[in-house]
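Everything on this sheet refers to the single structure shown next.
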Amino acid sequence: MNRSHSYMSHSLHGSDRLARGLGWFSIGLGLYKMLAPRKLTEPLGMEGFEPMVRACGAREIACGVGALSTNPSLALWSRVGGDAMDLAALAAALRDKHNPKKENVGVALAAVGAITALDLVCASRIKKRYAYQAGPTPDYSDRSGFPRPAEAMRGTAGDFETPRDMRAALPSPAKSPGERVTPTTRSPNG
Amino acid sequence: MKALCWHGKNDIRYETVPDPEIEDPRDAIINVSSCAICGSDLHLFHHFMPSMKSGDIVGHEFMGEVMEVGSEVKHLKVGDRVVVPFTITCGECDQCRRGNFSLCERSNRNKAMADKVFGHAGAGLFGYSHLTGGYAGGQAEYVRVPFADETHIQVPDTLTDEQVLFLGDIFPTGWQAAVQCDIEPTDTVVIWGAGPVGQFCVRSAVLLGAKQVIVIDNVPERLSMAQAGGAIPLNFDEESVLGRLNDLTHGKGPEKCIDAVGLESHVPRSPDSMYDRVKQSLWMENDRAHVLREMIYVCRPGGVLSIPGVYSGLVDKIPMGQLMNKALSVRSGQTHVRRWTDDLVRRIDEGQIDPSFVITHSVGLDEGPEMYNIFRNKQDGCVKVVLKP
């Protein structure tokens, strides 16, 4: 089997693998942000922002779980939105005159920028692949499966008798006018 | 030989695997001429069914020609053309003798494991996890069929593969779902899901004489196919399910409800669907039960709920109060395929129905992995995929 044939013979495409990788990365980063926020805020000169970093961690975990689900599209676009928020926060830290660690912030901005690009590429590809009901809407109004109009086929299997073990537990409530069922026994209290 | 193998979530591969061999004197080997992707294969694709192993051959809708038989096979010979039911049946145990073929007591070779999960195991199934026996599936060039004398449906040569292939699962499944409703000529039958099984539920309910048949979905081409078969289409994206059903039943609700969706029901913007999706993603429940809740709610008191849709394990927020107080009967189970197939072969042969109406895509087995994606996303008007090895 040649290589290209092997690739075409997989249901899992490159974008699916990338989505999966981003999902696990998101969960790992989210846990790190939740459990050790100071290890991020200190090198970035953003002390005091730990609650915000924890909240971002929770967001990362949610996006990561979504990216590992059967349809990762929404989660990946959520990651792109989250990336934009992170970039905005880092840009604000870079503009802060009193921040003594602007060099680190610059590195972080570049890293988040690269991941944003990756998220964007992955989300776009996944969106196209997972597009629900994409393509033309065919007309199946001639696919009855019956030799005659459906109305004429109603009750054609009238020769079929429901097996005893598959009869309804109660008489059909729609049976009109309905058989009157009388109690076979009455208790002294009626 | 070539086969479609499961390797994890969303990961089906077309690859080379060892040919099957006779392992028991009651086995037969089938040379597959046609097979199909079933909606319940998507539950494997999405890894909602436990106990799958990497490399398992998938597929349980298949047919072909007998190419080898074991020494104790009496009713099959090399060259016979057969459809293979997805439930493996010994034909001799207490359940098989009662016609409960999907509950065969001997065909699940992993019975001990299944007993632990289910209390008591059901039949072995082809290509549907190790919990149901770990048998290799039929999306392959060749398949080993255990208990071959019982696990086959002989079909006339005058009928094409496309006309008889679905006797192995979706046609009898739709038929049994309707039969379990014990349809009266005055009944309204509502079917959730216009996928392949839903389509056969519609035709079965019409043939069995229901007064009106309503099908609920949101995929336009599937609804138009159901309408062609005699159903009133109800698009849940465009109208209220409860309101429309009450309009069509003079405010009393349908007497008979069929869940042809199963564990992956989803309704955009429905709070309970979103709740289920989150819980399922976090492995806090196995199955999404929107359809079950809605059926219980809309069904007329004293009515019947028939559930051919596959469920795998635990579900949450089932309104038992409504179920109990409305005295609803619940009928479920895997399909007792062979119980219905002689009758259904006759109906196809007589021209009452041509099951090939449901096929929208027919491709080579090598294109199977990508067809899983297309079928899952309902792209390109895909309703039913047939694969040719």
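The values are calculated or read from the model by the stated rules, or taken from the named source; none is laboratory data. Note that the structure is predicted; figures quoted are calculated from it, not measured. Virtual Cβ from ideal backbone geometry, glycine too; neighbours counted across all protein chains shown.
Residues of the range B:185-195 that are surrounded by fewer than 24 Cβ atoms within 10 Å (Cβ to Cβ) and of a type in the set (S, T, N, Q): B:Thr186 alone.
Kindly indicate whether B:Glu72 is outside the structural domain of B:Lys279 (by TED's automatic domain parsing), surrounded by fewer than 24 Cβ atoms within 10 Å (Cβ to Cβ) and outside any loop (DSSP other than H, G, I, E, B). Step through it out loud before you land on a result.
Working: outside the structural domain of B:Lys279 (by TED's automatic domain parsing): yes; surrounded by fewer than 24 Cβ atoms within 10 Å (Cβ to Cβ): yes; outside any loop (DSSP other than H, G, I, E, B): no.
No: the conditions fail for B:Glu72.
On inspection, B:Val385 passes the criterion of being in contact with a helix residue (DSSP H, G or I) (Cβ under 6 Å, 6 or more places away or on another chain), farther than 28 Å from B:Glu285 by Cβ, surrounded by 19 or more Cβ atoms within 10 Å (Cβ to Cβ) and within 13 Å of another protein chain (Cβ to nearest Cβ). Scanning the range B:297-320 for residues that are on the phi > 0 side of the Ramachandran plot and small (Gly, Ala, Ser) yields one hit, B:Gly302. Kindly establish whether B:Gly91 is assigned to a loop (DSSP other than H, G, I, E, B), under 15 Å from B:Trp340 (Cα atoms) and in the same structural domain as B:Gly8 (by TED's automatic domain parsing). Here the answer is yes, as B:Gly91 does meet what is asked.
Selection of first residues in the range B:17-33 that are free of Cβ contacts under 8 Å to residues at least 24 places away in the same chain and of second residues that are aliphatic (A, V, I, L, M), restricted to Cβ pairs under 8 Å at least 6 apart or on distinct chains, gives the following pairs, ordered by first then second residue: B:Pro18/B:Met1.
Residues that are over 21 Å from A:Arg129 (Cα atoms), in contact with a Ser or Thr (Cβ under 8 Å, 6 or more places away or on another chain) and buried (at least 21 other Cβ atoms within 10 Å of the Cβ) within the range B:347-382 comprise just one, B:Phe357. On the stretch given as the range A:81-111, residues that are of a type in the set (Val, Ile, Thr) and crowded, with 17+ Cβ neighbours inside 10 Å total 1. Residues that are of a type in the set (Gly, Ala, Ser), assigned to a loop (DSSP other than H, G, I, E, B), in contact (Cβ under 8 Å) with a residue 12 or more places away in the chain and within 14 Å of another protein chain (Cβ to nearest Cβ) within the range B:313-353 comprise B:Ala327, B:Gly333, listed in sequence order.
Taking the range B:6-38 as the range and being in contact with a Phe, Trp or Tyr (Cβ under 9 Å, 6 or more places away or on another chain) and either outside the structural domain of B:Glu162 (by TED's automatic domain parsing) or of a type in the set (D, E, K, R) (or both) as the test, the residues that pass are B:Lys9, B:Asp11, B:Arg13, B:Asp19, B:Asp24, B:Arg26, B:Asp27. Does A:Arg59 qualify as being exposed (fewer than 14 other Cβ atoms within 10 Å of the Cβ), in contact (Cβ under 8 Å) with a residue 12 or more places away in the chain and more than 14 Å from chain B (Cβ to nearest Cβ)? When the stated conditions are applied, A:Arg59 does not pass them.
Taking the residues in the range B:196-214 that are touching a residue at least 60 places away in the same chain (Cβ under 8 Å) and touching a strand residue (DSSP E or B) at 6+ places or on another chain (Cβ under 8 Å) as candidates, determine which candidate is surrounded by the fewest Cβ atoms within 10 Å (Cβ to Cβ). Only one residue tops the list, namely B:Gly198. Of the set (1) in a loop (DSSP other than H, G, I, E, B); (2) without any contact (Cβ under 8 Å) to a residue 40 or more places away in the chain, all apply to B:Asp115 but (1). In this structure, does B:Asp287 turn out to be surrounded by 15 or more Cβ atoms within 10 Å (Cβ to Cβ), within 12 Å of another protein chain (Cβ to nearest Cβ) and in contact with a Phe, Trp or Tyr (Cβ under 6 Å, 6 or more places away or on another chain)? Criteria not met by B:Asp287. Sub-8 Å Cβ pairs linking a first residue in the range B:125-144 that is touching a residue at least 60 places away in the same chain (Cβ under 8 Å) to a second residue that is assigned to a loop (DSSP other than H, G, I, E, B) and basic (Lys, Arg), at least 6 apart or interchain, are B:His130/B:Lys53; B:Gly134/B:Lys53; B:Gly134/B:Arg109, ordered by first then second residue. When the range A:125-150 is filtered for residues that are out of contact with any Ser or Thr (no Cβ under 8 Å at 6 or more places or on another chain), within 7 Å of chain B (Cβ to nearest Cβ) and not small (Gly, Ala, Ser), the ones remaining, listed by number, are A:Tyr132, A:Gln133, A:Pro136, A:Thr137, A:Asp142, A:Arg143, A:Phe146, A:Pro147. For the range B:362-382, the set of residues classified as within 21 Å of B:Cys201 (Cβ to Cβ) and more than 10 Å from chain A (Cβ to nearest Cβ) consists of B:Phe375 only. Of the residues that sit in the range B:182-241 and are among the small types (Gly, Ala, Ser) and within 7 Å of chain A (Cβ to nearest Cβ), which one is nearest to the chain's Cα centre (by Cα)? Per the criteria, the residue is B:Gly229. Checking each residue in the range B:263-279 for being in contact with a Lys or Arg (Cβ under 9 Å, 6 or more places away or on another chain), in contact (Cβ under 8 Å) with a residue 24 or more places away in the chain and either of a type outside the set (A, V, I, L, M, F, W, C) or not assigned by TED's automatic domain parsing to the domain that holds B:Asn235 (or both) picks out B:Glu264, B:Ser265, B:His266, B:Asp272, B:Tyr275, B:Asp276, B:Lys279. Screening B:Ser265 against (1) more than 8 Å from chain A (Cβ to nearest Cβ); (2) under 22 Å from B:Pro301 (Cβ atoms) leaves a single unmet condition, (2). If I filter the range B:122-157 down to residues being among the polar types (S, T, N, Q) and touching an Asp or Glu at 6+ places or on another chain (Cβ under 9 Å), which single residue comes out as surrounded by the fewest Cβ atoms within 10 Å (Cβ to Cβ)? Of everything passing the filter in the range B:122-157, B:Gln154 is surrounded by the fewest Cβ atoms within 10 Å (Cβ to Cβ). Pick from the range B:260-284 the residues that are outside any helix (DSSP H, G or I) and of a type in the set (S, T, N, Q): which of them is surrounded by the fewest Cβ atoms within 10 Å (Cβ to Cβ)? Here the answer is B:Ser270. The numbered conditions (1) buried (at least 20 other Cβ atoms within 10 Å of the Cβ); (2) away from chain A (no Cβ under 14 Å); (3) at pLDDT 95 or above are all true for B:Asn110 except (1). Of the helices (runs of 4 or more DSSP H) lying entirely inside the range B:177-259, those carrying at least 1 residues that are closer than 16 Å to A:Tyr140 by Cβ are B:196-207, B:220-228.
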